[in-house]
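Participant: The following block contains the structure, expressed as structure tokens.
The values are calculated or read from the model by the stated rules, or taken from the named source; none is laboratory data. It should be emphasised that the depicted structure is a prediction, and the values quoted were computed from it without experimental measurement. Please note: Cβ atoms are built from the backbone with ideal geometry, for glycine as well, and neighbour counts cover all protein chains shown. Surface accessibility is based on the protein's heavy atoms, side chains included, excluding ligands, DNA and RNA. Shrake-Rupley method; radii C 1.70, N 1.55, O 1.52, S 1.80 Å.
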Amino acid sequence: MEMTEASILFLRACLALLAMPIYLLSFLGIWEPFCKKIFFPFFLEKICAIHERKAKKQKQELFRNLPDFTSPSGELRLLEIGTGNGANFQFYPPGCKVTCTDINPNFQQGLLRSMNKNQHVHYEQFLVAAGEDLRQVPSGSVDAVICTLVLCSVHSVNDTLKEVLRVLRPVSI
């Protein structure tokens, strides 16, 4: 029993030592700006690259019917909530118009790299907005809303889905 307690104390000490730079940066008020501006966008871009390679076939299948949502005018306007670095752009149909939203404005550099790689997509704008508050997007103005890997991090899934319904173009039957 003593060995287990000693092991736990040792592991806690190691963990505290590893986390010390984060505690220090947080104490100095540097951690949050560093994390939001540099670390998180960089980390997410690297993780998304790995994820996209593994999920490519599933995403191709998921997005294959997007052209079915083209408006009567022939345009396809997409709104992506939580765009991040634009990992989904490669799966969007040619000529579609994309409005990107994210709560973190620091994704724009990665987003620009993704737009340069995916010139078949027309980039309309980037809005700093949470999924629950898309007031910058007019009601009934988009044909489809994409929100992959974001509903797990919004404050309210219900409010986000209400905003999705509000911004979607009404369908004529």
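Participant: Highest mean first, what order results for 116-123, 51-58 on Cβ atoms within 10 Å?
Facilitator: Packing order, densest peptide first, comes out as 116-123, 51-58.
Participant: How big is the stretch 22-152 by Rg and Dmax over its Cα atoms, in Å?
Facilitator: Considering the stretch 22-152 through its Cα atoms, Rg and Dmax are 15.9, 57 Å.
Participant: Take the solvent-accessible surface of the protein heavy atoms, probe 1.4 Å, and return the percent of it on the chain that carbon and sulfur atoms account for.
Facilitator: Summing carbon and sulfur atoms, their accessible area is 63 percent of the total for the chain.
Participant: Something else now. Can you check how the C-alpha radius of gyration of the stretch 46-88 compares to 2.2 N^0.38 Å, as a plain ratio?
Facilitator: 1.38
Participant: Also: Report the extension gain between N104 and L28 in nm, rounded to one decimal, defined as 0.36 nm multiplied by the number of residues separating them, less their alpha carbon distance.
Facilitator: Gain on extension, N104 to L28, equals 25.2 nm.
Participant: Taking amide H positions as placed in the peptide plane 1.01 Å from N, state which residues far from L127 in sequence (5 or more) or on other chains have amide H under 5 Å from it.
Facilitator: Hits under the 5 Å cutoff: C100, T101, D102.
Participant: Would you mind calculating the relative contact order of the chain from Cα pairs under 8 angstrom and at least 6 residues apart, reporting the percent as a whole number?
Facilitator: Computed value for the chain: 19 percent relative contact order.
Participant: Which value results when the Cα radius of gyration for the stretch 96-145 is divided by 2.2 N^0.38 Å?
Facilitator: For the stretch 96-145, the normalised Cα radius of gyration comes out at 1.17.
Participant: Can you figure out the FRET efficiency of L112 with L15, using R₀ = 30 Å and their beta-carbon distance, to the nearest 0.05?
Facilitator: According to the calculation, E is roughly 0.20.
Participant: For R77, enumerate residues with amide H under 5 Å from its amide H, sequence gap 5+ or separate chain, H modeled in the peptide plane.
Facilitator: Amide H neighbours of R77: S71, K97, D143, A144.
Participant: Taking a threshold of 27 Å on the Cα-Cα distance, which of the pairs K117/K162; K46/K162; K57/K162; K54/K162; K57/K117 fall above it?
Facilitator: K117/K162; K46/K162; K57/K162; K54/K162
Participant: Apply the Karplus curve 6.51 cos²θ - 1.76 cosθ + 1.60, θ = phi - 60°, to the phi angles in the stretch 91-103 and return the couplings in whole Hz, x for Gly and Pro.
Facilitator: 9, 7, x, x, x, 5, 10, 10, 9, 9, 10, 7, 7
Participant: L151 versus A6, label points 7 Å from Cα toward the beta carbon: distance in nm?
Facilitator: 5.1
Participant: Work from the charge dipole of the chain (Cβ charges, +1 for Lys and Arg, -1 for Asp and Glu, about the Cα centre) and give the residue of G29, A87, L149 farthest towards its positive end.
Facilitator: Farthest towards the positive end: A87.
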